[in-house]
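What follows draws every value from the coordinates through simple rules; no lab data is involved. Keep in mind it's a predicted model, so treat the numbers as computed, not measured. Don't worry about glycine lacking a Cβ; one is built from the backbone with ideal geometry, like all the others, and counts go over all protein chains shown.
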Amino acid sequence: MLALALVPAAKPPQQPSTPQQYGTIALCAQQGARPVTTGPLTFTIAAPPSAGGSHVVSVALGACSGPIWYPSGTSLTILETVPSGDAVTTISLAGSGTLTATTPSAGSATVTVGTAAGSVTFTTSGPATSTVSHCTVPGLFGLTITGAKARLKAHACTLGSIRRVYSKVIRAGYIMGQSPKKGAVLTHGAPVSVTVSRGPQG
């Protein structure tokens, strides 16, 4: 009697698993046109839990953080804690990775990690400063109160007290006097008082 031996089917050769690729991201803080008086700047990097989750990085102005490793293809949301009065003007990426979205007004960017080193630069400018440092009193004669307010604001002054008197010469509602006089130099935002005609009495 012929005996048949059962030979198990050969298993297909096991394919070698592809190793996970990694890339790095560094954060850089650059100063814009106007000086930033506070520092260092703080950034929050939000990543999926599988890539380490969220963490906070502090970066001095003019410097970059160390490289942070992430699996290639990881999407990161980076948010700068913008100091009061400051503003992020530009966000840029150099090196490996893709900058998929930026909202400078909110200080945020979304980055996809590449396979090598990349860096994201946030350019931050300090608050705008007034170009007028003092009040040079303008002439207000013949203006209405509305017109006087606009002219005073343009000269870094404010409207002070309003005195109303009768006049046979100046029409009602128009300025006929002021204190201090035109040309006086005062501190920024100083008040200027005016005398307004009530028109002729009776």
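Would you mind listing how long the range 96-152 runs along its three principal axes, going by Cα atoms, in whole Å with the largest first?
Principal-axis extents of the range 96-152 (Cα, largest first): 71, 20, 10 Å.
Report the dimensions of the range 22-125 along its three principal axes from the alpha-carbon atoms, largest first, rounded to Å.
So the three principal-axis extents are 37, 24, 23 Å.
How big is the charge dipole of the chain about its Cα centre, in debye rounded to the nearest 20, if each Lys and Arg gets +1 on its Cβ and each Asp and Glu gets -1 on its Cβ?
My answer is approximately 1720 debye.
Using only alpha carbon positions, build the gyration tensor of the range 76-202, then give the equivalent ellipsoid semi-axes as the square roots of 5 times its eigenvalues, largest first, whole angstrom. Walk me through the numbers before you get to the answer.
Details: eigenvalues 643, 39, 17 Å².
Semi-axes (√(5λ), whole Å): 57, 14, 9.
Looking at the range 124-197, which trypsin sites (Lys or Arg not before Pro) are in a loop (DSSP not H, G, I, E or B) and have at most 15 other Cβ atoms within 10 Å?
Those that pass, being in a loop and sparsely packed, are 168, 171, 181, 182.
Please identify every one of the chymotrypsin sites (Phe, Trp or Tyr not before Pro) in the range 101-176 that sits in a loop by DSSP and has no more than 15 other beta carbons within 10 Å of its own beta carbon.
Values: sites: 122, 141, 166, 174; in loops: 141, 166, 174.
In loop regions of the range 101-176 (DSSP not H, G, I, E or B), the sparsely surrounded chymotrypsin sites (Phe, Trp or Tyr not before Pro) are 141, 166.
What number, in percent, do you get for the relative contact order of the range 22-125 if the mean sequence gap of Cα pairs under 8 Å and at least 6 apart is divided by its residue count?
With pairs under 8 Å counted, the relative contact order is 37 percent.
Compute, for the range 134-197, the length of the dipole vector about the Cα centre, with Cβ point charges of +1 (Lys, Arg) and -1 (Asp, Glu) only. Units Debye, rounded to 20.
160 debye
So what is the orientation-averaged projected area of the range 139-202, using the convex hull of its C-alpha atoms, in nm²? Each step should come with its number before you reach the end.
Details: hull surface 15.4 nm².
Approximately 3.8 nm², given one-decimal rounding.
Which value at 222 nm does the chain reach when only helices count, each DSSP H run of 4 or more adding -39,500 (n - 2.57), with the total divided by all residues and rounded to the nearest 500 deg cm²/dmol?
For the chain, the value works out to -1500 deg cm²/dmol.
For helix 145-154, report the angle its Cα long axis makes with the longest principal axis of the Cα atoms of the chain; keep it between 0 and 90° and round to the nearest 10°.
50 degrees
What residues have an amide H closer than 5 Å to that of residue 190, excluding those fewer than 5 places away on the same chain, when H is modeled at 1.01 Å from N in the peptide plane?
Placed amide hydrogens put 135, 158 under 5 Å from residue 190.
List the residues whose amide H sits under 5 Å from the amide H of residue 100, counting only those 5 or more places along or on another chain, with H placed 1.01 Å from N in the peptide plane.
110, 111, 112
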